[in-house]
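Comments concern the structure below.
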Amino acid sequence: MPNQEKINIVEESTQKFKDASGIYFAKYTGMNVDQATEFRKLCRENNVSYTVTKNTLTKIAAKNAGFEEKIIDSLCNGQIGIAYTKGDPSSPAKVIKDFIKDNDGSLEVMGLFIEGENFPAEQYKKIADLPSKEELLTK
């Protein structure tokens, strides 16, 4: 039987999935505490929310938000953290790419969704190199 804390986590995660313009699933195996603290700081500075929840709760939340169960099941294996953004969907990709440049091997993108559409993990590097929406508008 689920307890109230787990119900709250699922509800919050479901809302994050629904509101996010960009969702990045990253395996954090090999990341130490200092690296995790640094990565969370980078995320906050760039309006990216980074959370780690139990994979079973993440799968329930994603299903409740309307994401395809088979894809989410394939992404939620092992130690997975999720970077969400409501703003520029490329901002998590830029944060992750910058972090990996300085901390090789501590974070690996497993998959991503932009505006609800699934993209392969390798695609994040191309997305990170794109100019931001504001830059494109000024040009």
Original post:
LYS126 versus ASN103, label points 7 Å from Cα toward the beta carbon: distance in nm?
Top reply: 2.7
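State the percentage of accessible surface on region 54-139 attributable to carbon and sulfur atoms; use a 1.4 Å probe and exclude ligands, DNA and RNA. Provide the component values of the computation, followed by the final result.
Details: 2500 of 4930 Å².
Carbon and sulfur atoms account for 51 percent of the accessible area of region 54-139.
Compute the length gained on full extension between GLU135 and VAL33: take 0.36 nm times their separation in residues and subtract their Cα-Cα distance, giving the result in nm to one decimal.
Values: separation 102, 0.36 × 102 = 36.72 nm, distance 3.41 nm.
Going from the current span to full extension adds 33.3 nm.
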Original post:
Per residue, how much accessible area does region 30-139 have with a 1.4 Å probe, in Å²?
Top reply: 59
Original post:
Residue-wise, which Karplus ³J(HN,Hα) couplings in Hz belong to region 78-85, taking 6.51 cos²θ - 1.76 cosθ + 1.60, θ = phi - 60°, and x for glycine or proline?
Top reply: x, 7, 10, x, 10, 9, 10, 9
**OP:** Would you kindly derive the ³J(HN,Hα) couplings of region 34-51 from the backbone phi angles with the Karplus curve 6.51 cos²θ - 1.76 cosθ + 1.60 (θ = phi - 60°), listing them in order in whole Hz, with x for Gly and Pro?
**Re:** 4, 5, 4, 5, 5, 5, 4, 5, 4, 4, 4, 5, 10, 6, 10, 9, 10, 10
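For every other residue with a beta carbon closer than 13 angstrom to the beta carbon of LYS59, add +1 if it is Lys or Arg and -1 if Asp or Glu, then tell me the sum.
+1
Using the crude model of +1 on Lys and Arg Cβ and -1 on Asp and Glu Cβ, and no other charge, please compute the dipole size for region 15-87 relative to its Cα centre, in debye to 20.
Values: 11 positive and 7 negative charges, 34 e Å.
That gives region 15-87 a dipole magnitude of about 160 debye.
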Subject >> Residues with amide H under 5 Å from that of SER106, placed H, sequence gap 5 or more >> reply: none
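The values are calculated or read from the model by the stated rules, or taken from the named source; none is laboratory data. Since the model is a prediction, treat every value here as computed from it, not as a measurement. Because the Cβ atoms are built from the backbone with ideal geometry, glycine has one as well, and the counts that use them run over all protein chains shown. These accessible areas exclude ligands, DNA and RNA; they are computed on the full protein's heavy atoms, side chains included. Shrake-Rupley method; radii C 1.70, N 1.55, O 1.52, S 1.80 Å.
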